[in-house]
Amino acid sequence: MKVKGEKERDCKAIQSLIPAYLSGKLSLHEARIFTAHLKKCRDCREEIEISYLLDQGITRVENGETVDLHADLEEMLSDTENAILHLTQFRTAVYIVEFTAVFVLIACILILYVF
């Protein structure tokens, strides 16, 4: 369990990432931490909703678009989580291919060395 000071530091760090998140500039690691924190922290969730409203809502209303900011933000967060999952799976696949390549290379060297 986190003490109050730790939670406040975590929240400040997460809230400082909101502009980068909204502009799509978070790294995979940052996005993973960011979305995980938002799932459990109501305060930070409210902060991103306000930021999203200011960032997207006003422009959309001015352009005459209909706006469901809550649904749009939920979709954006869901898309981020899906992207994190796919990138993680891709990295895992790359590691497996690299490991297999190294294993095959070592096996070839051993076969050539033995024979």
### Task
Filter the trypsin sites (Lys or Arg not before Pro) in region 1-56 to those in DSSP coil with at most 15 other Cβ atoms within 10 Å of their Cβ, and list the result.
LYS2, LYS25
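Are there GluC sites (Glu not before Pro) in region 45-83 that DSSP marks as loop and that have at most 15 other Cβ atoms within 10 Å, and which are they? Spell out each step's value before the answer.
Numbers: sites: GLU46, GLU47, GLU49, GLU62, GLU65, GLU74, GLU75, GLU81; in loops: GLU65.
Here the sparse-neighbourhood loop sites are GLU65.
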### Message
Run the helix sum for the chain: -39,500 (n - 2.57) per DSSP H stretch of 4+ residues, divided by residue count, reported at 222 nm to the nearest 500 deg cm²/dmol.
### Response
-26500 deg cm²/dmol
### Message
Compute the angle between helix 28-40 and the longest alpha-carbon principal axis of the chain, please, reported from 0 to 90 degrees and rounded to the nearest 10.
### Response
50
### Task
Describe numerically, in nm with one decimal, the distance between label points set 7 Å from Cα along Cα→Cβ at VAL97 and at ILE109.
2.2
### Query
Just checking the chain: which Cys have no other cysteine's beta-carbon under 4.7 Å?
CYS11, CYS108
### Query
Simple spin-label model, 7 Å along Cα-to-Cβ: ASP43 to GLU65 in nm?
3.2
#### Entry: Using alpha-carbon coordinates, inclination of helix 4-16 to the longest axis of the chain, degrees
90
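Most exposed first by the Cβ proxy, i.e. fewest other Cβ within 10 Å, how do TYR52, TYR113 rank? Let's see the in-between values first.
Numbers: TYR52 19, TYR113 7.
Lowest count first: TYR113, TYR52.
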### Query
In region 32-78, with Lys and Arg counted as +1 and Asp and Glu as -1 at Cβ, which of these residues, ALA36, ILE50, MET76, has the Cα nearest the positive end of the dipole, that is, farthest along it?
ALA36
### Task
Mind giving me the nanometre distance, one decimal, between the label points for GLU75 and LYS7, set 7 Å out from Cα along Cα→Cβ?
3.3
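Laboratory data are not the source of any read-out in this text; all were calculated from the coordinates shown. Bear in mind that the values here come from a model prediction, so they are computed numbers and not experimental data. Glycine also receives a Cβ, built like all others from the backbone with ideal geometry; neighbour counts cover every protein chain displayed.
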